[in-house]
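The values are calculated or read from the model by the stated rules, or taken from the named source; none is laboratory data. This is a predicted model, so every value here is computed, not measured. Cβ atoms come from the backbone with ideal geometry, glycine included; neighbour counts cover every protein chain shown. Heavy atoms of the whole protein, side chains included, go into the accessibility calculation; ligands, DNA and RNA do not. Shrake-Rupley method; radii C 1.70, N 1.55, O 1.52, S 1.80 Å.
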Amino acid sequence: MSLFRGFSTALHSLWDYKGRTTLALLGMLVSSLLLAFLLALLFNFKLTMEGEMQGFGFREIVAMPGQLLNKQFSKSMDLSSLLSVTSMNSDLTYQDAQNVKREVPDVTAAVPQSEVVTSANTGSTSTEVLYTGSTPAYTKVFSIPLAEGRWLNNADVKNEAQSIVLGSAAKENLFGSKPAVGKTVTIKGVPFKVVGVLKPKQLIGFDFNDRAYTEYQMFTDTTSVRHASMIFFMVNSASNLHKADGQIYAVISGDHHGDKGFTLVKPYEALHFLNLIMQLVTAVTMGISGISFIVGGIGIMNVMLLVVKERTREIGLRKAVGAKSYHVLLQFLSESLLISVVGAAAGVGVSYGLLRLLGHYYKAISAHMPLYVVETSLAFSLAVGLIFGLWPAVKAVRVQPMDALRYE
Amino acid sequence: MISLSHVTKTIADGRLKQRIVDDVSLSIDEGEFLAIVGPSGSGKSTLLNILGLLDKPTQGEYQFGGESVLGLSGGRLATFRNRRIGFVFQSFMLMPRMTVLQNVELPLLYAPIGRRARRDRAREVLDQVGMLTKQKRTSLHLSGGEKQRVAIARALVNNPKLILADEPTGNLDEESKRAVLDIFLRLRQQNRTIVMVTHDAEAARIADRYLTIRGGRIASEAIRSDEGARVPVAVGIETDEEAREGAPS
Ligand SMILES: Nc1ncnc2c1ncn2[C@@H]1O[C@H](COP(=O)(O)OP(=O)(O)OP(=O)(O)O)[C@@H](O)[C@H]1O
Ligand SMILES: [Mg+2]
């Protein structure tokens, strides 16, 4: 029996049970929608996170003041106010960064960062910015593409130039869509010259867009802040991360006379943890969808049992004129597979639509439907179609020609 | 070509055991046209189903073309039916939603034959029974006579050695009956082996041999003389009407 013929008879016979077939299809659709949508969402979430990381995290160690993690962390605080508070209470210094850079050979860059919330104005407009002090090596730690101009350089440091680089939101607030390089921005009474503008950048836990960056010395000269809120250390290779971690700790705590008012954080470990959570969530997703698929499968079995019962005459006739058991088995399995696969395919289609819709409204999230999600959904639906179609198909096989001849 | 020896079919109806076919021995030659008559409930259909390998006897031996067929597996039996036997069922057994052509093609779906050849062959037999013009119709809306002709075409499509027909003229009007009998007359001329169960005297008259079943047993047997009259072989002449009168009520 040709595949097409089998397919078209399957369609015909299912058409006779539109209501139930539709319900069974719907069951499979919902199941695969759930599976495909959640898996794709997880995939895109991970993709977005990794995209944001863009290399950051694998070779970095961040020194943070201990108070941030222990005493003053509160969910109600937003990040900028949190940072401005911690800067005040931090014991970390520019000197700590210099010492580590000098004493730990595996550290290729040591970048202090400090900031306060303050106002910036151009004469005509004014806005709140995170006035930030850092060093030219900052771009070794974070790769942030420039929209205009350049990053702070060594000449700025040497000449104590009044140069400033604006984050995308800060620039937007001050200059709108007009170019900003060469313009003047006054912060803390100092007329800074804009030398660069950053493109928008998202990284969970960091704010780049509201900042106005200047050279560290300039920052300390213009504010009362004497401590760094964070120090970023770049290690020459990921394999030296652990060794460097110990050495950095030794250097800083030595300088602080054993005072442990700071913590070293390895973002890589956080990423690792994130992966672990992702795996857990994926497993839970699979479990829930699995249950949903089982419910869908029961729907299919229900339809197929009905179909087999109603078609006893047809099955018996087919057997009487020469159909073998496997013909009958294949015929009914192909019908249950048709329901499960068509339902699942529709579910994947709808979930792709939803994903695109979501991506349309939340631009930050990517909207890819990776092939493995489609494959997983189809594999689930094939398994369900086979497993739950088997019993009805076996029932069909058991029908004898005589059953059909006596069937009224 | 065919021989049944001491074939018995016992069924358990409740606690009662009943022999619906009782020790039937019978042989049919190639090219022979055998008619089976007998009162309703005498076991004619059961015997035909056994001959058609649709039903299994509880005792006895069945040889088809020298081969003992009762021991064959389900799959082998299916193939045997598919290649050697054409069955015209008592109730037409057409698939109402399929077209006439699809109904006739059905047995060939399980035979090693290509799509084109299958279609051509089905059209050929539809032409033989005068139903080619209605090949695209669904069988649901055919008249009784038309359905029976399609059912006969389906039985012929695999070019079987043995044609079994269970009351092919039952419930048909005079004209349809004539058409069906014409088909069987033509099949007879083609020297096909035919077994036909019938209540109808006129239908039985076209057969070479004539078997009366009563209570599951062969009650009498007769052959056709050249003049078309039946000549008793074993027990005596008995017409269909007489057989019915003699049936236990
Ligand atoms: N599976 C079965 N279970 C119970 N009784 C059966 C079964 N098959 C046949 N019978 C009985 O066996 C008897 C013979 O049935 P069969 O169909 O062979 O008769 P028949 O001669 O073809 O009758 P008719 O001329 O009415 O078609 C009937 O009494 C029928 O009720
Ligand atoms: Mg009968």
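For chain B, the orientation-averaged shadow of the C-alpha convex hull comes to 14.2 nm² (one quarter of the hull surface).
Find the sum over both chains of the accessible area lost when B and A are paired, probe 1.4 Å, and report it in Å² to the nearest 100. Present the calculation step by step, with values, prior to reporting the outcome.
Numbers: alone 12040 and 20180 Å², together 30100 Å².
Using a 1.4 Å probe on protein heavy atoms, the buried area is about 2100 Å².
Oblate is the label for segment B:82-209, because the ratio a/c of its alpha-carbon gyration tensor axes (a ≥ b ≥ c) is 1.5 or higher and a/b is not greater than b/c.
Principal-axis analysis of the Cα atoms of chain A puts helix A:79-89 at an angle of about 40° to the longest axis. With respect to chain B, whose longest principal axis is taken over its alpha-carbon atoms, helix B:74-84 is tilted by about 80°. In sequence order, segment A:272-280 has phi-based couplings of 4, 4, 4, 4, 4, 4, 4, 5, 5 Hz under the Karplus curve 6.51 cos²θ - 1.76 cosθ + 1.60, θ = phi - 60°, and Gly or Pro positions carry x.
Note on the protein assembly as shown: with neighbouring protein chains present and a 1.4 Å probe, carbon and sulfur make up 57 percent of its accessible heavy-atom surface. From the Cα gyration tensor of segment A:158-315, with a ≥ b ≥ c the square roots of its eigenvalues, which class applies: rounded if a/c is under 1.5, or else prolate if a/b is larger than b/c, or else oblate? In terms of gyration-tensor shape, oblate.
Please calculate how many Å² of accessible area segment B:10-70 carries per residue, with a 1.4 Å probe and no DNA, RNA or ligand atoms counted.
Details: 2680 Å² over 61 residues.
Ligands and nucleic acids excluded, the figure is 44 Å² per residue.
Helix B:115-128 and the longest principal axis of the Cα set of chain B meet at an angle near 60°.
In whole Å, what is the distance between the alpha-carbon centres of segment A:339-396 and segment B:43-57? Segment A:339-396 and segment B:43-57 have Cα centres spaced 50 Å from each other.
Using 0.36 nm times the number of residues separating A:Thr282 and A:Lys309, minus their current alpha carbon distance, what extension gain do you get? Let's see the in-between values first.
Details: separation 27, 0.36 × 27 = 9.72 nm, distance 3.97 nm.
That pair, A:Thr282 and A:Lys309, stretches by 5.8 nm at full extension.
The H on the amide N of B:Arg217, modeled in the peptide plane, is under 5 Å from the matching H of B:Asp22, each at least 5 residues off or on a different chain.
Per-residue shielding of A:392-403, expressed as the average number of other chain Cβ atoms within 10 Å of the residue Cβ, stands at 2.
Beyond 25 Å, the tail of the calculated P(r) for segment A:234-334 holds 61 percent of the Cα pairs. Backbone phi angles across segment B:55-69, fed through the Karplus curve with coefficients 6.51, -1.76 and 1.60 (θ = phi - 60°), yield HN-Hα couplings of 10, 10, x, 7, 9, x, 10, 9, 10, 10, x, x, 9, 7, 9 Hz in residue order; Gly and Pro are listed as x. Taking all protein chains as they are arranged and a probe of 1.4 Å, the heavy atoms of A:His242 leave approximately 140 Å² accessible to solvent.
With 21 Å as the limit on Cα-Cα distance, the pairs of A:Lys46/A:Lys201; A:Lys46/A:Lys266; A:Lys178/A:Lys363; A:Lys319/A:Lys395; A:Lys319/B:Lys136 that go past it are A:Lys178/A:Lys363; A:Lys319/B:Lys136. Here is the size of the protein assembly as shown from its Cα atoms: Rg then Dmax, 44.5, 136 Å. Entry comment: accessible area of chain A is 47 Å² per residue, from protein heavy atoms only and a probe of 1.4 Å. Give the relative contact order (percent, whole number) for segment B:62-165; include only Cα pairs under 8 Å separated by 6+ residues. The normalised contact order for segment B:62-165 reaches 42 percent. When chain B is treated as a GNM with alpha-carbon contacts under 10 Å, the residue of B:Ile20, B:Ile11, B:Ile152 showing the greatest mean-square fluctuation is B:Ile11. Within segment B:158-225, the proportion of Cα pairs with more than 19 Å between them is 34 percent. With chain B treated as a Gaussian network of Cα nodes joined by springs under 10 Å, which of B:Thr212, B:Thr79, B:Thr198 yields the largest mean-square fluctuation? Per the Cα network of chain B with a 10 Å cutoff, B:Thr79 tops the list. Taking 7 Å steps out from each Cα toward its Cβ at A:Leu357 and A:Ser124 produces label points 4.3 nm apart. The trypsin sites (Lys or Arg not before Pro) found in segment A:209-275 that occupy coil by DSSP, while having at most 11 further C-beta atoms within 10 Å, are A:Lys260.
What is segment B:18-93 by shape, rounded, prolate or oblate, if you read a ≥ b ≥ c off the alpha carbon gyration tensor as root eigenvalues and call it rounded for a/c under 1.5, prolate for a/b larger than b/c, and oblate otherwise?
Details: a/c = 1.38, a/b = 1.27, b/c = 1.08.
Verdict is rounded for segment B:18-93.
Expressed to the nearest 5 percent, the antiparallel share of DSSP beta bridges inside the protein assembly as shown is 70 percent.
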